[in-house]
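What follows is a short report on a single structure.
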Amino acid sequence: MDNFTYQYPVRQYFGKGCAESAIKKELSLVGQNVLLAYGCGSLKHTGLYDKVKGWLLESGKNVVDFGGIMSNPTYEKVQEGARLVRESGIDFILAVGGGSVIDCCKIVSAQALLDEDIWEMQYVKHEFPTRFVPMGAVVTASGTGAEQNNGAVITHTGEQLKQPLVGAYHNFAVLDSDLTRSLPMAQVISGAFDTLSHCMETYMGKPQINNLSDELNESVMRNVIQNLRALIADPDNDFARGELMWDSALAENGLLKLGKQTDFQCHMLEHAVGAYTDCNHGRALAVIHPVLYRHLLNEGKEKLARMAEQVWGVKGSTTEESAAFGIAALEDFIREVGLPTRWHELGITDESILRAAADTCLLMPGCCKQFTRDELFEVLKECM
Ligand code: NZQ
Ligand code: ZN
């Protein structure tokens, strides 16, 4: 294993029905003025908005609404949130939603205390924020694991970039599977595939030799596959729903990344395509993964072969054959759960978008193969 230092700052409340007591307990520890952040309608439709607002008012808080946070949150939305925090003297931000709401709040929490523009700070000056308005996350759509880390993915529409920014850690994360029951099954599947993708992106990093983090990772991957199948078969299976929530958390709380360098080239390709198309994160990852992995059959064959055997339960007569069988098994699973395998299924038909995405995509040093931009364009074209 490579050397590492590990500290984990996010308190976890896990379990069916835990939200009310967790939120009341945590909110008793924070200041008076609370920003209640949420997405584009689901929170009000499901009645959770009224419940959470009621719990906050019962706790004697002044509540300021910050709604309308869109999927793939924008830099403009971050600026709107930061203005609200400043104008209303917000003491605490409560993010209730999926990865988009949770990510947006991480950057609002930093931007609100900065005089300078956070995008420029990070991408031009290469400096990072150190002061944050405290926050907590209540997860209503699991899969991204966004509640577990301090990275956020923000779309800068002016620059046509969807890229990571460093923000704050949430003080706590509420993982109550009841809150995800209203999530459409298509989004449940997209989220679970995102978790599987985070695992694979971590597993496929450097070095190629398997360490303890990778062995834990194999268990998480098997668990995602098994419980997604179980939940599709029976959407009332709360056990499977809970397992998927904790899989999502484990994939992004840093544990599986210890002692190695992660890959995440597939994610950077998805983000680049997302900047031009606003596509769904998990569904676009499903399109890219098998195609990208076929381009790693030389450099990444040992790891792909081990994943084939340990995760998909398939084995060929050579390392190369096992690796190829594993990629085929991944693609079969993607089809089995109803995810797309080609761009046109996401409405993407314009090749010039793929060229632009390949030209702006971040190139990842942890990927076992160092791609050129032309090679990445080939990968994206093969997904047509
Ligand atoms: O906006 P509302 O109306 O709330 O609807 C949302 C949205 O349409 C809906 N939803 C959420 N909870 C619901 C619900 N509908 C019914 N019942 C509920 N309980 O679900 C839709 C998708 O929500 P969103 O938050 O956009 O999805 P997800 O959790 O997949 O987050 C995607 C974002 O996270 C980023 C992605 O790039 C994307 O921007 N990621 C963040 C990561 C991180 N910070 O670590 C890692 C990931 O790799 C990812 O890049
Ligand atoms: Zn992801």
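The values are calculated or read from the model by the stated rules, or taken from the named source; none is laboratory data. Just so it is clear, the model here is predicted, and its values are computed rather than measured. Note: ideal-geometry Cβ built from the backbone for every residue, glycine included; neighbour counts use all protein chains shown. The area values use the complete protein model at the heavy-atom level, side chains included, leaving out ligands, DNA and RNA. Shrake-Rupley method; radii C 1.70, N 1.55, O 1.52, S 1.80 Å.
Within the range 164-196, track down each residue that is within 10 Å of ligand 1 (Cβ to nearest atom) and within 30 Å of Glu120 (Cβ to Cβ).
Across the range 164-196, the qualifying residues are Pro164, Leu165, Gly167, Asp194.
Restricting attention to the range 209-231, which residues are open to solvent by less than 10 Å² (accessible area, probe 1.4 Å), more than 16 Å from ligand 2 (Cβ to nearest atom) and over 23 Å from Thr341 (Cβ atoms)?
Within the range 209-231, Ser213, Asp214, Glu218 meet the criteria.
Asp234 is checked against (1) without any contact (Cβ under 8 Å) to a residue 24 or more places away in the chain; (2) touching a helix residue (DSSP H, G or I) at 6+ places or on another chain (Cβ under 6 Å) and fails just one. What number does that condition carry?
If we test Asp234 against (1) without any contact (Cβ under 8 Å) to a residue 24 or more places away in the chain; (2) touching a helix residue (DSSP H, G or I) at 6+ places or on another chain (Cβ under 6 Å), just (2) comes out false.
Could we say that Asp263 is touching a residue at least 40 places away in the same chain (Cβ under 8 Å), within 30 Å of Thr318 (Cα to Cα), in the same structural domain as Ser352 (by TED's automatic domain parsing) and buried (at least 21 other Cβ atoms within 10 Å of the Cβ) here?
On the way: touching a residue at least 40 places away in the same chain (Cβ under 8 Å): yes; within 30 Å of Thr318 (Cα to Cα): yes; in the same structural domain as Ser352 (by TED's automatic domain parsing): yes; buried (at least 21 other Cβ atoms within 10 Å of the Cβ): yes.
Yes: the conditions hold for Asp263.
Out of the residues in the range 133-172 that are within 16 Å of ligand 2 (Cβ to nearest atom) and of a type in the set (Ser, Thr, Tyr), which is most open to solvent (accessible area, probe 1.4 Å)?
My answer is Thr144.
Looking only at residues that are surrounded by 24 or more Cβ atoms within 10 Å (Cβ to Cβ) and touching a residue at least 60 places away in the same chain (Cβ under 8 Å) in the range 289-309, which one is nearest to ligand 1 (Cβ to nearest atom)? Before the answer, list the steps.
Going residue by residue through the range 289-309, those that are surrounded by 24 or more Cβ atoms within 10 Å (Cβ to Cβ) are 289, 292, 303-304, 307-308.
So of that shortlist, the ones also touching a residue at least 60 places away in the same chain (Cβ under 8 Å) come out as 289, 292, 303-304, 307.
On the way: His289: 13, Leu292: 15, Lys303: 20, Leu304: 21, Met307: 19 Å.
So, considering only residues that are surrounded by 24 or more Cβ atoms within 10 Å (Cβ to Cβ) and touching a residue at least 60 places away in the same chain (Cβ under 8 Å), the one nearest to ligand 1 (Cβ to nearest atom) is His289.
Conditions (1) within 16 Å of ligand 2 (Cβ to nearest atom); (2) over 25 Å from Val30 (Cβ atoms); (3) open to solvent by 10 Å² or more (accessible area, probe 1.4 Å), marked per residue:
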| position | (1), (2), (3) |
| --- | --- |
| Ser182 | no, yes, yes |
| Gln187 | yes, yes, yes |
| Gly191 | yes, yes, no |
| Ser197 | yes, yes, no |
| Thr202 | yes, yes, no |
| Pro207 | no, yes, yes |
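Please pick out the residue among Phe325, Phe333 that is assigned to a helix (DSSP H, G or I), aromatic (Phe, Trp, Tyr) and open to solvent by 30 Å² or more (accessible area, probe 1.4 Å). Quick ask: steps written out before the conclusion?
Values: Phe333 fails: open to solvent by 30 Å² or more (accessible area, probe 1.4 Å).
When all the criteria are applied, what remains is Phe325.
Gly47: closer than 28 Å to Gly274 by Cα, modelled with pLDDT of 95 or more, within 15 Å of ligand 1 (Cβ to nearest atom) and of a type outside the set (Ser, Thr, Tyr), yes or no? Quick ask: steps written out before the conclusion?
Numbers: closer than 28 Å to Gly274 by Cα: no; modelled with pLDDT of 95 or more: yes; within 15 Å of ligand 1 (Cβ to nearest atom): yes; of a type outside the set (Ser, Thr, Tyr): yes.
In short, no.
Any residue at all in the range 108-118 that is under 24 Å from Thr277 (Cβ atoms) and away from ligand 2 (no atom under 16 Å from the Cβ)?
No: the range 108-118 contains no residue that is under 24 Å from Thr277 (Cβ atoms) and away from ligand 2 (no atom under 16 Å from the Cβ).
Take the residues in the range 110-125 that are hydrophobic (A, V, I, L, M, F, W, C) and part of a loop (DSSP other than H, G, I, E, B), then tell me which one is most open to solvent (accessible area, probe 1.4 Å). Reasoning before the result, please.
Of all residues in the range 110-125, those hydrophobic (A, V, I, L, M, F, W, C) come to 110, 112-114, 118-119, 121, 124.
Now restrict to residues that are part of a loop (DSSP other than H, G, I, E, B): 112-114, 124.
Details: Ala112: 10, Leu113: 65, Leu114: 30, Val124: 98 Å².
Per the criteria, the residue is Val124.
Can you list the strands (runs of 3 or more DSSP E) lying wholly within the range 1-68 that have 3 or more residues being open to solvent by less than 20 Å² (accessible area, probe 1.4 Å)?
Counting at least 3 such residues, we get 33-37.
For Ile102, only one of the following conditions fails: (1) closer than 26 Å to Val52 by Cα; (2) open to solvent by 20 Å² or more (accessible area, probe 1.4 Å). What is its number?
It is condition (2) that Ile102 fails.
Among Ala110, Ala141, Ala95, which is the only one that is more than 13 Å from ligand 1 (Cβ to nearest atom), under 23 Å from the mean Cα position of the chain (by Cα) and of a type in the set (A, V, I, L, M)?
Just one listed residue meets the conditions, Ala110.
If Trp312 satisfies all but one of (1) of a type outside the set (Asp, Glu); (2) under 24 Å from Gln226 (Cα atoms); (3) surrounded by fewer than 17 Cβ atoms within 10 Å (Cβ to Cβ), what's the number of the condition it fails?
Of everything listed in (1) of a type outside the set (Asp, Glu); (2) under 24 Å from Gln226 (Cα atoms); (3) surrounded by fewer than 17 Cβ atoms within 10 Å (Cβ to Cβ), Trp312 misses just condition (3).
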